[in-house]
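Everything on this sheet refers to the single structure shown next.
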Amino acid sequence: MIAAMLLVLLTIPALAQDGYFGKNKVKYKNFRWEKITTENFEIYYYQGGRELAQVAARMAENAGRRISQDMGHTLYNKIPIVLYTSHNDFAQTNIAQDIIDEGAGGFTTLLKNRVVVPYTGSYADLDHVITHELVHAFMFDLFFGKSMESIFSQQSLMQLPLWFVEGMAEYESRGWDPETEMIIKDLALNQRLIPIQELEGYGGSYFVYKEGQAIIKFIVERYGQQKIGEMFHMLKSSRSMDNTCEKLLGSNVEKLSELWLKDMHKKYWPYLAAKKEVPDFAKQLTEHDVFKTGSYFNLAPCFSPQGDKIAYISDQDGRAGIYIISSIDGHRIKHLVKGEQNAQFEAMHLAWFRGGLSWSPDGKKLAFAAKSTTGDKLYVVRVDNGKILKKLEFPMDGIYYPSWSPASDKIAFCGLKDGQSDLYVADIADSHNVAYSLERLTDDQYDDREPEWSPDGRELVFVSDRPAGEDQSGLDTMYFGRYRLFSMDPVSGSIGCLTPEETMVSRPSWSPKGIAYTAIRRGVSNIFAISGDSTLQLTDAITGCLQSKWSRDGSKLVFIGYHKTGWNIFTIKNPLDKLPGIDSQKVFFWASADTGWYQPRKFEQPLADSNRYKPGQARTKFSVDWAQGSFNYNTLSGLGGQAEIVVSDVMGNHQFYWLSDMVINLQNSDYQLTYFYRPRRWDYGISYYQYHNYYLASNNDIIIEKINGVQGILSYPFNRYQRIDFMGSWSHYNEELYHYENYQYYTSPDANLNVIIPAVSLVHDNVQWSYYGPREGRRAMAAVEASSRSLGSDLNFVNYFTDIRQYWPLTKRSEFALRLMGGLSMGSDAQYFELGGPYTLRAYDYNELDGTRMALMNLELRVPFVDRIQMAIPPISFYGIRGAMFFDIGAAWSDSRQFQLFQRDPNALLKMKDLNGSLGTGIRMIISPFMMKLDFSWKTDLSSISDKARISFVLGSEY
């Protein structure tokens, strides 16, 4: 029995588990935390972020006052706000254990009500994110009372629909903005608006956020601002959105949806007569549809110097990468850089439109920035084969928007460092192969970005929210959030504003025909050009045009346009010769008479107040993350109970886990205490445990197994996708026999065992996940563990184990999966691997096969089966039912001399002997938070198939 228990505790033979996989959070910076305290918030920051924290503190207080008034709630507790000075630093946080992709703009933790946000270079964006997350923090504070620990005894806030939670956060932080206007307008014109009652089926997609924002705006305009606060307070008691809408708005959710959809169509359909969709006036070169393909972005297009090719960044194959297409017909020439699957290109800056590409003047090389393991790098690659020619690393927190000079010796870019977004120029001349000089062109608090060289290389044009004209900062106030176009002489440093009347411009591009840029006017982003002394409007789209780029000779313009829920690449020939006729009459748009809704919010920071909040050291302070428990009593064992407690510090760097099942006293109870240390690149954890197992023999004897032990792990990530783990464990097994005689039990020791096991494993995981499981990529693990009497262990063995999994996407919704596993155990106490059951050989019973050697192969085709089932009684909908067809083949054996793969059979072309096979089919369905799997499998030796099917039902993920 002790040997059987050992099999459970060993790290390698637990074949049904895949917990050893997972991507890595690489922590390469040593954060030294400080904090400032305001009336309602505690702002945590680290070295280089003190000035930014002062700005964030005032932003938080301003936002808090607005939210408090709109929600009708005053905070019970101060809210911690953890501020990171860049997104790359933000991705290292331990407050959330999940991998944080570059698309995450911030988050708020439910249990400790912590707000965690990154700074991206823009104060306007920071103000938006802080306000958005504070709405969630106010919600949690309102719903869970004066003590956040009350969350353990109240129902979960997650019962609130996401469209309401996120829609309120977006509306409170943005009001109504051009991006949301564009998305909602596009959905309405293409009849793709999702009814409110169906939004929950779309998870956390941006449709839920944006439609939620539009719904909140509709409620405010139709029923009044005060209804929002009333809805929150009623939801706190009723926990029913349907009842809340019925009582406060006079309509249930379904009726509210009908009213909202009707209003949207009424407002937006007249646009079709007044404006043009992007494909109506430009040639479309890519095709994306988020509903059909699951992809969304085609960004940062730029012509090659010859004008025959276009490079751009896209997620069209499921991961961000760089593509080269023909500028004539859009056919793909090359998938130049495959991002998000290796350490060189962990992130391509696709999110938030911060990515940028620039051709070398000779058209043979391409420059771009990407996140590598320890931060952003500036890359130069060959266009013909993707070979990396230069990989430049600068002391920056972020690198964006590279621009190659016409002389080919310099690259200008936007650099984020210590809370400032400034312009830099790197000298990359080939003669400087050892070191590359770096010149800083701007040095202030403004968001300077998107530099572009003039054709003669003497000037730079760039975008900034620095003041110009009448809104110059005074001695008391600085303004942020209004983006205009500026020119700069890199030699003298002189700066002049080119577009003083604009409010939101982006992506300038220079050619002999003039400077093209995009700007938001009347709520829509279109392309404009400064040509001579005139500013010309080149497009007049219904939705929006962004990221325009001239060809070198100015004969063509490439840009991205939003159409049918996705960003696509478009081109226009000779745009200055076919200017759109701008309708001077009133156009139909959703706005107040003064059209003030689309203006960027200005943030005012009094200079005299910049050090209002005094900094202090952020001391390590522990509090409860999670706690739950129960107790019971019976006359035989007395009082008992179960408990689960998680405690950590504010930053999540130190975590303690306590699990217990108490019986009579501590000696007879099961418990485990675990500690994790996570603030450095090396992670480690240690755990002490005690467990019991009870068996009743046929003669009524009772056998009690007691296991005490210590386990530890030391992990080092090489990058996001590879790591090495060092593990070790000591376990003491004690077995006692309780013999029943003369109506009482007598105890006697039966056996005891000490087992010491050191182990090491290498892990690789670059899998891309879909809602249903792994979709594309590879997972691999190779491990060895040993137990030796020379180490003080009572067992002597060495185990080798490997697990390799590969996933190939066949279509956007189907994939083929392969798993290969192998194991070998050697030594006088060689361990047994077991096969059988729904995780290995599916037509065989659990652990039907065993041996000191093991090999297994699983092949599985995963396809969509039924998209949706709507039941009448009960009124329940089931989404995304999928099908699977599989074939398993494997064996477990101990004597290789007796093992044979196949046998001769005159009646069969091929027949297995010691190999075991199963084939079958099954269905998969998500029943949150689990995946339900129902499989029908049959044994086979390749010459015949068994008549009896084995049916297995499990809740768990796909391998």
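Miscellaneous remarks
- Subset of region 690-703 that is surrounded by 15 or more Cβ atoms within 10 Å (Cβ to Cβ) and over 14 Å from VAL663 (Cα atoms) - its residue that is modelled with the lowest pLDDT: ASP701
- Among (1) within 30 Å of GLU815 (Cα to Cα); (2) open to solvent by 10 Å² or more (accessible area, probe 1.4 Å); (3) aromatic (Phe, Trp, Tyr), the one test that TRP359 misses: (1)
- Subset of region 123-151 that is surrounded by fewer than 22 Cβ atoms within 10 Å (Cβ to Cβ) and either among the small types (Gly, Ala, Ser) or assigned to a strand (DSSP E or B) (or both) - its residue that is modelled with the highest pLDDT: ALA124
- Here the condition is being touching a strand residue (DSSP E or B) at 6+ places or on another chain (Cβ under 9 Å) and modelled with pLDDT of 90 or more; of ARG868, ARG882, it holds for ARG882 alone.
- Per the conditions (1) of a type outside the set (Asp, Glu); (2) part of a strand (DSSP E or B); (3) open to solvent by less than 10 Å² (accessible area, probe 1.4 Å); (4) in contact with an Asp or Glu (Cβ under 8 Å, 6 or more places away or on another chain), the sole criterion not satisfied by SER825 is (4).
- Condition check for LYS25: buried (at least 19 other Cβ atoms within 10 Å of the Cβ) and in a loop (DSSP other than H, G, I, E, B): yes
- For region 50-68, the condition holds for no residue, the condition being that it is outside any helix (DSSP H, G or I) and either surrounded by fewer than 22 Cβ atoms within 10 Å (Cβ to Cβ) or modelled with pLDDT of 95 or more (or both).
- When region 868-887 is limited to residues that are open to solvent by less than 40 Å² (accessible area, probe 1.4 Å) and closer than 18 Å to PRO774 by Cβ, the one that is nearest to the chain's Cα centre (by Cα) turns out to be GLY880.
- Residue list for region 180-212, restricted to those being within 18 Å of GLU277 (Cα to Cα) and open to solvent by less than 10 Å² (accessible area, probe 1.4 Å): THR180, GLU181, ILE183, ILE184, LYS185, ASP186, LEU187, ALA188
- Considering PHE865, PHE816, the condition of being part of a strand (DSSP E or B), in contact with a Gly (Cβ under 9 Å, 6 or more places away or on another chain) and either within 25 Å of ARG775 (Cβ to Cβ) or in the same structural domain as MET931 (by the TED database) (or both) is satisfied by PHE865 alone.
- Enumeration of residues in region 650-673 that are under 27 Å from the mean Cα position of the chain (by Cα) and surrounded by fewer than 18 Cβ atoms within 10 Å (Cβ to Cβ): HIS654, PHE656
- Odd one out for THR244, checked against (1) in a helix (DSSP H, G or I); (2) open to solvent by less than 40 Å² (accessible area, probe 1.4 Å); (3) touching a residue at least 24 places away in the same chain (Cβ under 8 Å); (4) not aromatic (Phe, Trp, Tyr): (3)
- Some residue of region 778-792 being hydroxyl-bearing (Ser, Thr, Tyr), open to solvent by 50 Å² or more (accessible area, probe 1.4 Å), within 25 Å of ASP914 (Cβ to Cβ) and at pLDDT below 95: no
- Residues in region 505-545 that are in a strand (DSSP E or B) and over 26 Å from PRO455 (Cβ atoms): ILE520, ARG521, VAL524, ALA541, GLY544.
- Total residues in region 802-830, condition at pLDDT below 95 and polar (S, T, N, Q): 3
- Matching residues, region 448-470, being surrounded by 21 or more Cβ atoms within 10 Å (Cβ to Cβ), touching a strand residue (DSSP E or B) at 6+ places or on another chain (Cβ under 6 Å) and part of a loop (DSSP other than H, G, I, E, B): ASP465
The values are calculated or read from the model by the stated rules, or taken from the named source; none is laboratory data. These numbers were taken from a predicted model, which means no experiment stands behind them. Cβ: placed from backbone, ideal geometry, glycine included. Neighbour counts: every protein chain shown. Remember, those area values only see protein heavy atoms, side chains included, never the ligands or the DNA or RNA. Shrake-Rupley method; radii C 1.70, N 1.55, O 1.52, S 1.80 Å.
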